[in-house]
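The values are calculated or read from the model by the stated rules, or taken from the named source; none is laboratory data. Values in this document were obtained by computation on a predicted structure and should not be read as measured data. In this analysis, Cβ positions are derived from the backbone assuming ideal geometry, glycine residues included, and neighbour counts consider all displayed protein chains. Accessible surface areas use protein heavy atoms only, side chains included; no ligands, DNA or RNA. Shrake-Rupley method; radii C 1.70, N 1.55, O 1.52, S 1.80 Å.
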Amino acid sequence: MRTLDGQRAAGAVEAGNVATVAEQSSRDVPWSEEARGRTVVVKCGGSTLVDAALRRSFAQDVVELWQAGLHPVVVHGGGPQISAMLGRLALEVRFEAGLRVTTPEAMDVVRMVLTGQVQRELVGAINAHGPFAVGMSGEDAHTLTAVRRPAWVDGRPVDIGLVGDIVTVAPDTVRNLVAGGRIPVVSPVARGTDGQVYNVNADLAASAIAVALGADRLVMLTDVPGLYADWPRSTEVIPRLHAGELAALLPGLAGGMLPKMEGCLRAVRSGVGRVHVLDGRTPHAVLRGVLTEENPGTTVLPDEAPEDEESRA
């Protein structure tokens, strides 16, 4: 059974004794044996990747999962980087219903920044540990196919431009990379059957890929501690909830949390074992979230089967 090596442990101690958590888990729980061969899809937001230290911490966690025998697949965003480039080019930065309004000019920037900047930096950070990561876009081999996504604000339709919703996933390319011992790093850009290229929310892309791969877990990194119980009146985080409970909360959510939790709900209702929503600003959040059951943040579970409820009673 693998544990953190000295170099990784030293780095994790500096980041808040995460190595102790990971080593304790690997000693007490045969996680690496039980999880060996299982797929974990990890969505990393652009806000985490802006910080070089957090990017290194994230890359280290992903490699550690791979070394433990899991099959990590990374889907990344790049919101802050895209907004910065749009601002530099004097193009509008606007969001509606938690999604970026994407004009044709903005779409060119989205593709350039996601695959040419953010992905390259993330692949480089992972490959600092060895020849693991391979970058790809949802456009590659028609991995992701999308249709234009409608949006509503206060009950009225709004035009959000070239924003797509994934309708099909062809996972063979991702599976082949995993079978070859690689870690796929996927940019959330998709092509439609009409030939149009769409900007896809990274949370929804990660959810769709997790479902298509039959992933055991989906990890969503964000820039808040988890799903708040009563935002903005309280910052109390809901530690655990089932799909039905999340569905009831969904209409009251707004901003970037809306597509994120929509993706969580789609995932657990389509076969993904569980979803962890974790604070990506915390070093080694992925390692703690996957290795331990006492992770911070919010865990979303499928609805319990009737027989499970009866057995608990």
Net charge over other residues, Cβ less than 10 angstrom from the Cβ of V211 (K, R count +1; D, E count -1): +2
Region 78-156 - percent of accessible surface contributed by carbon and sulfur, probe 1.4 Å: 56
Calculated from backbone phi, Karplus (6.51, -1.76, 1.60) coupling profile of region 125-132 in Hz, x at Gly/Pro: 5, 5, 6, 5, 9, x, x, 9
Environment charge at V101 (Cβ cut-off 11 Å; Lys +1, Arg +1, Asp -1, Glu -1): -1
Neighbour-limited loop hits for trypsin sites (Lys or Arg not before Pro), region 197-243 (at most 13 other Cβ within 10 Å; DSSP other than H, G, I, E, B): R233
Alpha carbon convex hull of region 53-187, projected area averaged over orientations, nm²: 9.3
Per residue, in Å², the accessible surface of region 155-313 once ligands and nucleic acids are set aside, probe 1.4 Å: 43
Nonlocal amide H pairs with N201, under 5 Å, H built at 1.01 Å: G164
Long-range tail of P(r) for region 130-266 (Cα pairs > 23 Å, %): 42
Accessible-area order (highest first, 1.4 angstrom probe) of the listed residues D140, D159: D159, D140
Rounded to whole Hz, the Karplus (6.51, -1.76, 1.60) HN-Hα couplings of region 181-194, x for glycine and proline: x, 9, 10, x, 10, 10, 8, x, 10, 10, 9, x, 5, 8
